[in-house]
Amino acid sequence: MTEQRIENMIVVGGGPAGYTAALYAARAELEPLVVEGFAWGGQLQNTTDVENYPGYPEGIMGPAMMGEFRAQAERFGTRFITDDATELRLADGEINTVVVGGEEHRAKSVVLAMGAEPKRLGIPGEQELQGMGVSTCGVCDGAFFKDQEVVVIGGGDSAMEDSIFVSKFASKLTIVHRRDEFRASKIMQDRAREQDNIEFMTPYAPTEFIAGDDGKIAKVAMENTQTGEKKEIEVGGAFVAIGHTPLSNLVEGQVDLDDEGYVVCKEPSTQTKLSGVFAVGDLVDHTYRQAITASGSGCKGALDAEWYLRDTPPSI
């Protein structure tokens, strides 16, 4: 990993997409280097039970699953840098440079797998009760709240989708939004309103998630954004559904991004506008944002990079 060495592939990011890309590349004897980040494992490092990933019939803790992904990639020769990339200098069909701290790493191909992070409310109790009743993924965690009263916070399509899914399990679900109007499409609003156990609370904003004696969430403190009226409601769970931020700042101005900052690929491939530069996982995914879809995307990225290196590698 000296400055003179030119890697076949560098994967930037250490979540399901990045580790799967590394696994496929390593088995293809490409000896990938993964700049996995200081907080390796992605969003699953903040997830408790994962019950919807095939191959784990009893479920598995998110950090444990990421440890197994990483170990499997390492088994076939993947190398890791457990630190954050600080700069990317990407090229079209030429050698790319990934900077970690003050050290430069050069590569014939790069797989971008930096992921996305959920937007936060920034209120007391949000971080402390993550995994203790506070969630950012209704599809992931909804089944854990069977016959409980829950809230979903947000006003867009994601909030409506989460609400419709979680309402299958919850006894009562309240959608909380700071305005009377919703950003969600009319059809998604209508679908949510059709559910007998979904109610709407507007214009209210949560101000605190409050734990009970067992350390799990017990109440949500609310404030009316127009009148200032304050109230608390008892809940067994709270879902924050106010969107995601793709972690694309390092590649802004180098590859194409859409209006929300997600990397644009030449579908159905994972290639960006730059030959030899590929993007996978939640960095490109507006819609699904699941560990399994990220993994599938990582597989595609590795295969695309392998074929690129086979057929049209950059000259050194």
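The values are calculated or read from the model by the stated rules, or taken from the named source; none is laboratory data. Here the structure is a predicted model, which means the values were calculated and not measured. Cβ sites come from the backbone with ideal geometry, for glycine too, and all protein chains shown count toward neighbours.
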When the stretch 45-54 is examined, which residues are found to be at pLDDT below 85 and touching a strand residue (DSSP E or B) at 6+ places or on another chain (Cβ under 7 Å)? Asn46, Thr48, Asp49
Candidates Gly253, Gly215, Gly276, filtered to the one that is on the phi > 0 side of the Ramachandran plot, more than 14 Å from the chain's Cα centre (by Cα) and without any contact (Cβ under 8 Å) to a residue 24 or more places away in the chain: Gly253
Out of (1) more than 19 Å from Thr47 (Cα to Cα); (2) surrounded by fewer than 20 Cβ atoms within 10 Å (Cβ to Cβ); (3) out of contact with any strand residue (DSSP E or B) (no Cβ under 6 Å at 6 or more places or on another chain), the odd one out for Ile123 is which? (3)
State whether the residues of the stretch 98-106 include one that is closer than 30 Å to Asn8 by Cα and not in a strand (DSSP E or B). yes
For the stretch 267-307, give me the residue count where each residue is under 24 Å from Gly253 (Cα atoms), of a type in the set (Asp, Glu) and assigned to a helix (DSSP H, G or I). 2
Among the residues in the stretch 78-87, are any in contact with a Leu (Cβ under 9 Å, 6 or more places away or on another chain), surrounded by 15 or more Cβ atoms within 10 Å (Cβ to Cβ) and not in a strand (DSSP E or B)? yes
Quick check on Thr293: is it polar (S, T, N, Q), farther than 18 Å from Val98 by Cα and touching an Asp or Glu at 6+ places or on another chain (Cβ under 7 Å)? yes
Exactly one of these conditions fails for Glu149: (1) acidic (Asp, Glu); (2) out of contact with any Asp or Glu (no Cβ under 9 Å at 6 or more places or on another chain); (3) over 23 Å from Gln45 (Cα atoms). Give me its number. (2)
I'd like to check something: does the stretch 56-76 contain any residue that is modelled with pLDDT of 95 or more, part of a loop (DSSP other than H, G, I, E, B) and either among the small types (Gly, Ala, Ser) or surrounded by 21 or more Cβ atoms within 10 Å (Cβ to Cβ) (or both)? no
Checking the conditions here, which among Gln271, Gln290, Gln226 is surrounded by fewer than 17 Cβ atoms within 10 Å (Cβ to Cβ) and either over 30 Å from Pro313 (Cα atoms) or of a type outside the set (Lys, Arg) (or both)? Gln226
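Table: residues versus (1) surrounded by 19 or more Cβ atoms within 10 Å (Cβ to Cβ); (2) of a type in the set (Gly, Ala, Ser).
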residue: Thr136; (1), (2): yes, no
residue: Cys140; (1), (2): yes, no
residue: Phe144; (1), (2): no, no
residue: Glu149; (1), (2): no, no
residue: Gly156; (1), (2): no, yes
residue: Ser163; (1), (2): yes, yes
residue: Thr174; (1), (2): yes, no
residue: His177; (1), (2): yes, no
residue: Ala184; (1), (2): yes, yes
Of the residues in the stretch 1-29, those that are surrounded by fewer than 22 Cβ atoms within 10 Å (Cβ to Cβ) and part of a loop (DSSP other than H, G, I, E, B) come to Met1, Thr2, Glu3, Gln4, Arg5, Ala28, Glu29
Filter the stretch 165-184 for residues that are touching a helix residue (DSSP H, G or I) at 6+ places or on another chain (Cβ under 9 Å) and either of a type in the set (D, E, K, R) or outside the structural domain of Asp196 (by TED's automatic domain parsing) (or both) and give the result. Lys168, Arg183
